[in-house]
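Undergrad: Below: one structure in structure tokens.
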Amino acid sequence: MQLKQPKGKINNLLAVAACSLLNQTGSAQEVPGWYIDSAVLGYSEKDRVDAIEPVVSATRVFEDGRKLNLTFVADSLTGASPNGATISNAPQTFTRPSGLGIYTTEAGDLPLDDTFKDSRTALSAQYDFPLNRLTRLSTGLSYSDEYDYTSVGFNATLARDFNLKNTTLSVGFAFANDTMDPEGGIPVPLASTALPWNQQRQGDEEDKTVLDFLVGVTQVINRQTLMQFNYSYSQQDGYLTEPFKLLSLVDGTTGETSGYVYDSRPDTREKHSLYWKTKYSRDNGDIIDVSYRYLWDDWDIASHTIDGRYRWNVSDKFYVEPHIRYYNQQEAGFFAHSLVAGQALPIDASADYRLGAFNGVTIGSKFGYRLNDRSEINVRVEAYEQQGDTVGNPIGVQNNYDMFPDLEATIIQIGYSYRF
Amino acid sequence: MAIDRQTQLVSQGDCWVGRFSAMASDCEVLMHVNDESLAGKLLNVAATEAWRIEQKYSRYREDSIVSRINSADGESTEVDAETAQLLDFAFQCYELSGGLFDISSGILKQAWPFSSSSTQPSHALIESLLPLIGLEKTQWLAPYLTLPAGMQIDFGGIGKEYAVDRTLGLLSGLSDAPILVNFGGDIVCNKGPSSDSPWRIGIEDAEIQDEAQQLLELTSGALATSGNTKRYLISNGIRYGHVLNPITGWPIEAAPLSITVAEGNCTRAGMLATFAMLQGENAESFLDQQEVKYWVAR
């Protein structure tokens, strides 16, 4: 413990300390016991993907402040997802990624791969324990498995309190190794789908690693306000391409589709993110929570996320928490809706809308009802709308179509929490 | 130590005054209630709380939590939630004061028994005690506290002010009448006796004992005093005050005789008075920085 002679005004810090002593409830220490949180999330995109995701999380808080959390998630996705090809003025036929069978998209429709079907199970364990009065270490393991994708990860974060626990500094890292073995093998980047099958594919399995570092400060501003700043750096290496995504090759004048090539992305990605969050408790117990994130990477993607929530305690038992989130993304440098046939292929190219330029708005609310001292039931209902921007100039017939159709989704989550 | 478990309730005009002894102090509760039975009930609650805290944190009772901690001989002791809060507060005050406020410094009184001796202790004795002082040598990981063998703690510097605030909290939950709690000069009130009149409180001047030298008015909040003018020793012509520096083992130089601070609650007022006392000749400038109302007697 570093001791300094008291200099300057310490009365405010003393006020917080005395308040915490006299209120007895002022300490944020969690009550020892078991906490079970369970929820089922339903996510439904209009005309596209549907997902159901049950989550069960059990946390044991020990008398000495140690904490163990186990979380189990299972999700299943069905429906259709854009395959990357552009809308065309003629019907389009695609071979399924597995190489088995075909599917057809009508003229004027966005090509969607309707073989999209997957289920995933994920398990994680996090153990959080004090090293001494002011320092905590949190370590975790995670594992997730789906049909053609496996991820294994671990993480550790060290948090140290300063300044009478009014300031907390955190440093952490996370490492994950992902392996994918898609049915039909790994496509050769930018290879034409017209090539013989064995020339389109290059092996069965690829992997990638993700290494994240985080530094953060949480600061108690006053009795009502808490502020948090984080910077994180993420380094991805390996196979970062989306194996099932395509790009259309179109005629440079008419814009008509003449063929398809596979998605290709760089094999490294460096991401940076800055995060700021403020939580303000009003005198009546309501909580205002506002955050902003700026994220940028060396793929030239940059995004802003603004998130706001208001926890309105209608009564002792019932609360309503409206939520609004705005997301804006600038496209990756190699993003293109299509490539011009006959021109030299770029090194990397992708028409995956997730790497495009778009705005997304989520609006919704959570409703919670405390059944008794030990349990709460809650429902979250949200609507998401994504509006894409066309990047570059459409060619020929492309002018007749929306190159980046809007996406609408609804999210409904039902949760139940129990403590014993 | 025998505890006098008597309470006394008298009427003074429109105010009921309850008296009892606790924590080696004369304690009184002033209540502007009409009803004698309510006054009696409030007095009973106040005395019960003061005695509870006195007993729970007494160093002289073998079964107290403090005795259990001090006799653990290097082993860890599991403490209850209230004690954990007090320990948290004590550690925070230790940090805030730069180590000058230290609940493990009581052992120094072995070297400085101001009342019975007029000779200065030997350097050797003080040096032998210093290794047993300093909260940084302990391990506090709620709810487990571990002291190195031989170390001791006591809540003497916090307990009375804490008891005053706790007591007013309990009484305010039972009545919204104007109430003032005074445990040996550590005072807190919830409001003035009526909307336009404050409580009038005298502050003893160190030089003129038992006379209300300065009269001050209190409509809300607390007053606490650090200092006891009766305790000092003169050796080789130097007057040593009673406030000891736990880092050096020697009395704080040029400490005021007494400091009274007004603040929102008694715990805070008492701690500011104690911190200021530990600043010695800088007591006043320290208090000026805290932007509080204070009275210093030198």
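The values are calculated or read from the model by the stated rules, or taken from the named source; none is laboratory data. Computed from a prediction, not measured in an experiment: that's the story for all the values here. Because the Cβ atoms are built from the backbone with ideal geometry, glycine has one as well, and the counts that use them run over all protein chains shown.
Undergrad: With respect to residue A:153, is the statement that it is more than 20 Å from residue A:62 (Cβ to Cβ) and in a loop (DSSP other than H, G, I, E, B) true?
TA: Values: more than 20 Å from residue A:62 (Cβ to Cβ): yes; in a loop (DSSP other than H, G, I, E, B): no.
Considered against the rule, which asks whether it is more than 20 Å from residue A:62 (Cβ to Cβ) and in a loop (DSSP other than H, G, I, E, B), residue A:153 comes out as no.
Undergrad: Now for a separate question. Please specify each residue of segment A:271-295 satisfying the condition of being under 20 Å from the mean Cα position of the chain (by Cα) and surrounded by fewer than 16 Cβ atoms within 10 Å (Cβ to Cβ).
TA: Matches in segment A:271-295: A:272, A:274, A:276, A:290, A:292, A:294.
Undergrad: In segment B:184-203, what residues are surrounded by 20 or more Cβ atoms within 10 Å (Cβ to Cβ) and either under 14 Å from residue B:220 (Cβ atoms) or at pLDDT 95 or above (or both)?
TA: Residues satisfying the conditions are B:187, B:188, B:189, B:193, B:199.
Undergrad: Any residue at all in segment B:49-62 that is of a type in the set (Ser, Thr, Tyr), surrounded by 15 or more Cβ atoms within 10 Å (Cβ to Cβ), under 19 Å from residue B:161 (Cβ atoms) and touching a residue at least 60 places away in the same chain (Cβ under 8 Å)?
TA: Yes, some residue in segment B:49-62 is of a type in the set (Ser, Thr, Tyr), surrounded by 15 or more Cβ atoms within 10 Å (Cβ to Cβ), under 19 Å from residue B:161 (Cβ atoms) and touching a residue at least 60 places away in the same chain (Cβ under 8 Å).
Undergrad: Sticking with this one: Are any residues in segment A:336-346 part of a strand (DSSP E or B) and in contact with a strand residue (DSSP E or B) (Cβ under 6 Å, 6 or more places away or on another chain), and if so, which ones?
TA: Those that are part of a strand (DSSP E or B) and in contact with a strand residue (DSSP E or B) (Cβ under 6 Å, 6 or more places away or on another chain): A:338, A:339.
Undergrad: Would you tally the residues in segment B:285-298 being touching a residue at least 12 places away in the same chain (Cβ under 8 Å) and either farther than 18 Å from residue B:187 by Cβ or not charged (D, E, K, R) (or both)?
TA: So the count comes out to 8.
Undergrad: Do we find a residue being in contact (Cβ under 8 Å) with a residue 40 or more places away in the chain, within 14 Å of chain A (Cβ to nearest Cβ) and of a type in the set (Val, Ile, Thr) anywhere in segment B:120-132? Can you show your working first?
TA: First pass over segment B:120-132, keeping only residues in contact (Cβ under 8 Å) with a residue 40 or more places away in the chain: B:120, B:126-127, B:129-130.
Next, from what is left, pick out any that are within 14 Å of chain A (Cβ to nearest Cβ): none.
No, the conditions are met nowhere in segment B:120-132.
Undergrad: Show the residue pairs that are 6+ apart or on different chains and have beta-carbon atoms under 7 Å apart, the first residue being within segment B:265-284 and more than 11 Å from residue B:225 (Cβ to Cβ) and within 11 Å of another protein chain (Cβ to nearest Cβ), the second being among the aromatic types (Phe, Trp, Tyr) and in a loop (DSSP other than H, G, I, E, B).
TA: Filtered contacts from segment B:265-284: B:275/B:101; B:278/B:101.
Undergrad: Is it true that some residue in segment A:96-114 is within 30 Å of residue B:146 (Cα to Cα) and either exposed (fewer than 13 other Cβ atoms within 10 Å of the Cβ) or out of contact with any helix residue (DSSP H, G or I) (no Cβ under 7 Å at 6 or more places or on another chain) (or both)?
TA: No, there is no match, as no residue in segment A:96-114 is within 30 Å of residue B:146 (Cα to Cα) and either exposed (fewer than 13 other Cβ atoms within 10 Å of the Cβ) or out of contact with any helix residue (DSSP H, G or I) (no Cβ under 7 Å at 6 or more places or on another chain) (or both).
Undergrad: Okay, next question. Would you check which residues across segment A:165-184 are without any contact (Cβ under 8 Å) to a residue 60 or more places away in the chain and under 25 Å from residue A:100 (Cα atoms) and list them?
TA: A:179, A:181
Undergrad: Looking at segment A:114-146 only, could you name the residues that are touching a Pro at 6+ places or on another chain (Cβ under 8 Å) and either more than 12 Å from residue A:156 (Cα to Cα) or more than 14 Å from chain B (Cβ to nearest Cβ) (or both)?
TA: If the condition is that a residue be touching a Pro at 6+ places or on another chain (Cβ under 8 Å) and either more than 12 Å from residue A:156 (Cα to Cα) or more than 14 Å from chain B (Cβ to nearest Cβ) (or both), then A:115 is the only one that fits.
Undergrad: Name the residues in segment A:161-172 that are loosely packed, with under 15 Cβ neighbours inside 10 Å, at pLDDT below 95 and part of a strand (DSSP E or B), would you?
TA: Hits for segment A:161-172 are A:162, A:167.
Undergrad: So residue A:403 ticks every box in (1) at pLDDT below 95; (2) in contact with a strand residue (DSSP E or B) (Cβ under 7 Å, 6 or more places away or on another chain); (3) of a type in the set (A, V, I, L, M, F, W, C) but one. Which box is left unticked?
TA: (2)
Undergrad: Show the residue pairs meeting these rules: Cβ distance below 6 Å; 6+ apart or different chains; first residue within segment A:87-104 and within 18 Å of residue A:249 (Cα to Cα) and among the aliphatic types (A, V, I, L, M); second residue at pLDDT 85 or above and surrounded by 12 or more Cβ atoms within 10 Å (Cβ to Cβ).
TA: A:87/A:110; A:87/A:401; A:90/A:107
Undergrad: Now, a different point. Of the conditions (1) modelled with pLDDT of 95 or more; (2) surrounded by fewer than 16 Cβ atoms within 10 Å (Cβ to Cβ); (3) more than 30 Å from residue A:261 (Cα to Cα); (4) not aliphatic (A, V, I, L, M), residue A:328 fails just one. Which one is it?
TA: (3)
Undergrad: Of all residues being surrounded by fewer than 14 Cβ atoms within 10 Å (Cβ to Cβ) and touching a residue at least 40 places away in the same chain (Cβ under 8 Å) in segment B:15-48, which is farthest from residue B:157 (Cα to Cα)? Just the residue, please. Break it down stepwise before answering.
TA: Here is the first cut: in segment B:15-48, the ones surrounded by fewer than 14 Cβ atoms within 10 Å (Cβ to Cβ) are B:24, B:26, B:34-37.
Adding the requirement that they be touching a residue at least 40 places away in the same chain (Cβ under 8 Å) leaves B:24, B:26.
Numbers: B:24: 13, B:26: 17 Å.
Across segment B:15-48, the extreme among qualifying residues is B:26.
For every residue, the table says whether it meets (1) assigned to a loop (DSSP other than H, G, I, E, B); (2) at the interface with chain A (Cβ under 9 Å from one of its Cβ atoms); (3) in contact (Cβ under 8 Å) with a residue 40 or more places away in the chain.
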position: B:140; (1), (2), (3): no, yes, yes
position: B:152; (1), (2), (3): yes, no, yes
position: B:155; (1), (2), (3): yes, no, yes
position: B:169; (1), (2), (3): no, yes, no
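Undergrad: Additional query: Quick check, is residue A:58 surrounded by fewer than 16 Cβ atoms within 10 Å (Cβ to Cβ), more than 17 Å from the chain's Cα centre (by Cα) and assigned to a strand (DSSP E or B)?
TA: Answer is yes for this residue.
Undergrad: Restricted to segment B:29-64, and to residues that are within 18 Å of the chain's Cα centre (by Cα) and of a type in the set (A, V, I, L, M), which residue is farthest from residue B:105 (Cα to Cα)?
TA: Applying the filter and picking the extreme gives B:29.
Undergrad: Report, by residue number, each residue of segment B:254-280 that is surrounded by fewer than 20 Cβ atoms within 10 Å (Cβ to Cβ) and touching an Asp or Glu at 6+ places or on another chain (Cβ under 7 Å).
TA: Once the filter is applied, which keeps residues that are surrounded by fewer than 20 Cβ atoms within 10 Å (Cβ to Cβ) and touching an Asp or Glu at 6+ places or on another chain (Cβ under 7 Å), segment B:254-280 yields B:254, B:280.
Undergrad: I've got another one for you. Out of (1) farther than 21 Å from residue B:98 by Cα; (2) at pLDDT below 90, the odd one out for residue B:251 is which?
TA: (1)
Undergrad: Right, next: Taking segment B:95-106, which residues are assigned to a helix (DSSP H, G or I), surrounded by 23 or more Cβ atoms within 10 Å (Cβ to Cβ) and more than 8 Å from chain A (Cβ to nearest Cβ)? Can you show your working first?
TA: Here is the first cut: in segment B:95-106, the ones assigned to a helix (DSSP H, G or I) are B:95-96, B:105-106.
With the extra rule that they be surrounded by 23 or more Cβ atoms within 10 Å (Cβ to Cβ), the set shrinks to B:95, B:105.
Once the filter is applied, which keeps residues that are assigned to a helix (DSSP H, G or I), surrounded by 23 or more Cβ atoms within 10 Å (Cβ to Cβ) and more than 8 Å from chain A (Cβ to nearest Cβ), segment B:95-106 yields only B:105.
Undergrad: Now for a separate question. Specify which of the listed residues (B:40, B:13) is modelled with pLDDT under 90 and farther than 25 Å from residue B:275 by Cα.
TA: B:13
Undergrad: Moving to a separate point now. Going residue by residue through segment B:82-93, is there one that turns out to be more than 12 Å from residue B:155 (Cα to Cα), within 14 Å of chain A (Cβ to nearest Cβ), touching a strand residue (DSSP E or B) at 6+ places or on another chain (Cβ under 8 Å) and of a type in the set (S, T, N, Q)?
TA: Looking through segment B:82-93, none of the residues is more than 12 Å from residue B:155 (Cα to Cα), within 14 Å of chain A (Cβ to nearest Cβ), touching a strand residue (DSSP E or B) at 6+ places or on another chain (Cβ under 8 Å) and of a type in the set (S, T, N, Q).
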